[in-house]
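Written out below as structure tokens is the structure these notes cover.
The values are calculated or read from the model by the stated rules, or taken from the named source; none is laboratory data. As the structure is a prediction and not an experimental result, all values here were calculated from the model. Here the Cβ is made from the backbone with ideal geometry for all residues, glycine too, and neighbour counts use every protein chain on show.
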């Protein structure tokens, strides 16, 4: 940018901060920035340059920093506010400021469009960025508008974040308490929009459709459903809206999940542009296709529209089916946490709660300048963190029938994140865990429900022979007819905990598609990469998802980086020298073996304790830990010494890597930035000895099979 943006932005803000309808008319601030830029550039308006977006985004960022409460007044675009228009601020009018939280499900080809329109007769110039066409007033003001200046934008298709828990979505929309309130809000708005009492034949499908979608989303959030498209396929489409309301704005009448087409104007500015499967929070200017514009589209291109409008492909013009978001500000979406009072039913949280970080985070909506979401920092001291760690392990053990060792490995797996990638693409820092030898029916699904309660994003994915044989079940496919990627359960935002349930896997032969699916899943476990089939070639995309494999015997993905922990419930005998399973009587909750017993135990935790557990897991996930030179040297020496003995002849380099990862995670689980040999390395060696002892006990028959 030139030397004058800060001053010109301050001038534009000074003119707009007193404007009460800035949220309803953000294009006014855009035009103010445009006028300021042309004033300091030259007396003749110049074409809009890529740096102009930096000026505009900086102006909006300064506005929200100066007025932090204004952000809570920006409505959230989601299936409820879109289909039923139940936003607390009223109708989602075109060209108003909105927020959206979603995952990048597809990255479309860049577009080139005219960033300005100029009337040669009068010399008047208007900025047409962040929208598709001139307004009615602007069109009437000029005799003949001509495109002036070419700008690039990147269309990204944003969809729901897979596996996001219901309590996370409730924190984003605090004004909506339950389905009855949602239905009442829908009915009141529709009646207000039409000016008359609505006929019951109209209100009935309107209230049933989105409510059914909301219920299906809740079931997905509990970790039980797999595919967003399949989950919504049985839901009836939303009923019609009044003609003078936002008729047809919900757009999607089929089984597809709710999506938005987001335009990003920052080009490749910044070292960390958004990637496929990343979750984003955006503040944008809303655009959509009204009924009148649909008629214009049927007859030809809209006035002021560019040639590349049908970027989403397909003969039906998928671009016009989605709400369109012209992004002003964005950041990577981190965990949404409720405070204790909000979780207990008290004061509702803010839609985008502010979080402190360690180290201090940059200003809000930093965009491509930071690689990760703003981290959450625990304000508790070491004693409180140690207490939270112990309670978390005990809580997990209650769902694992008293197996404290498996519970501790589960905790460390949830905290693991990819720290770095080596030259060959190997991911370092993740800890995939296999809880094997499961005999309790429904335990894997119970673990899926457990994770849905304690982490913001989780998915429980059955791995069956039929799904392994399905060529489209796990590997995304490029559909060149619609120019879109198909969605699979492995399309997950970073930090999503994945439970691969092998307990229903039967014996059988795999065809070529099955082998490719197994390789894809194994690549996710070992290298944190997922595959996409573009027809003529395959491309791998980086992931960062903790993986828990639950199996009745040894997992089909055994070996490599997968850490197998044989399941040893409290009632089962354990191998000699191990003592990390606790009796049922030692637990504060009953130890019923069925799903019903596990559900009763889950309800025993108070809302305050559950909120504290969620904060603990969110704050320490990916916590940076340093291993000093002394500890690194000791680890290498101990590994070499053990390999020289008969008992350690089977050790591999992967074992040393896992030892160091476990040591880091043990340190992270205590909130300690530097690993300690006495506390963390020695504890890791104890855990590994017990785990290996169980594995050896399987061969000797001393662990229940």
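For the reader, a short list of remarks on this structure follows.
- Top-ranked residue in the stretch 605-631 [being in a helix (DSSP H, G or I) and loosely packed, with under 13 Cβ neighbours inside 10 Å; ranked as nearest to the chain's Cα centre (by Cα)]: 629
- The set of residues in the stretch 499-518 being free of Cβ contacts under 8 Å to residues at least 60 places away in the same chain and either outside the structural domain of residue 473 (by TED's automatic domain parsing) or part of a strand (DSSP E or B) (or both) consists of 500, 501.
- Members of the stretch 31-67 that are surrounded by 17 or more Cβ atoms within 10 Å (Cβ to Cβ), in contact with a helix residue (DSSP H, G or I) (Cβ under 7 Å, 6 or more places away or on another chain) and at pLDDT below 85: 36, 37, 45
- Qualifying residues in the stretch 125-147 (those that are part of a strand (DSSP E or B) and without any contact (Cβ under 8 Å) to a residue 40 or more places away in the chain) - the one nearest to residue 325 (Cα to Cα): 147
- Check on residue 416, under 21 Å from the mean Cα position of the chain (by Cα) and modelled with pLDDT of 95 or more: yes
- Matching helices (runs of 4 or more DSSP H) fully within the stretch 397-491 where at least 2 residues are buried (at least 23 other Cβ atoms within 10 Å of the Cβ): 404-415, 443-454
- Flag if residue 635 is buried (at least 18 other Cβ atoms within 10 Å of the Cβ), in contact (Cβ under 8 Å) with a residue 40 or more places away in the chain, more than 30 Å from residue 570 (Cβ to Cβ) and in contact with a helix residue (DSSP H, G or I) (Cβ under 7 Å, 6 or more places away or on another chain): yes
- Breaking point among (1) at pLDDT below 90; (2) more than 16 Å from the chain's Cα centre (by Cα), for residue 329: (1)
- Any chance residue 559 is over 21 Å from the mean Cα position of the chain (by Cα), assigned by TED's automatic domain parsing to the domain that holds residue 454 and modelled with pLDDT under 90: yes
- A single member of 28, 70, 121, 87 is under 16 Å from residue 285 (Cβ atoms), modelled with pLDDT under 90 and assigned to a loop (DSSP other than H, G, I, E, B), and it is 87.
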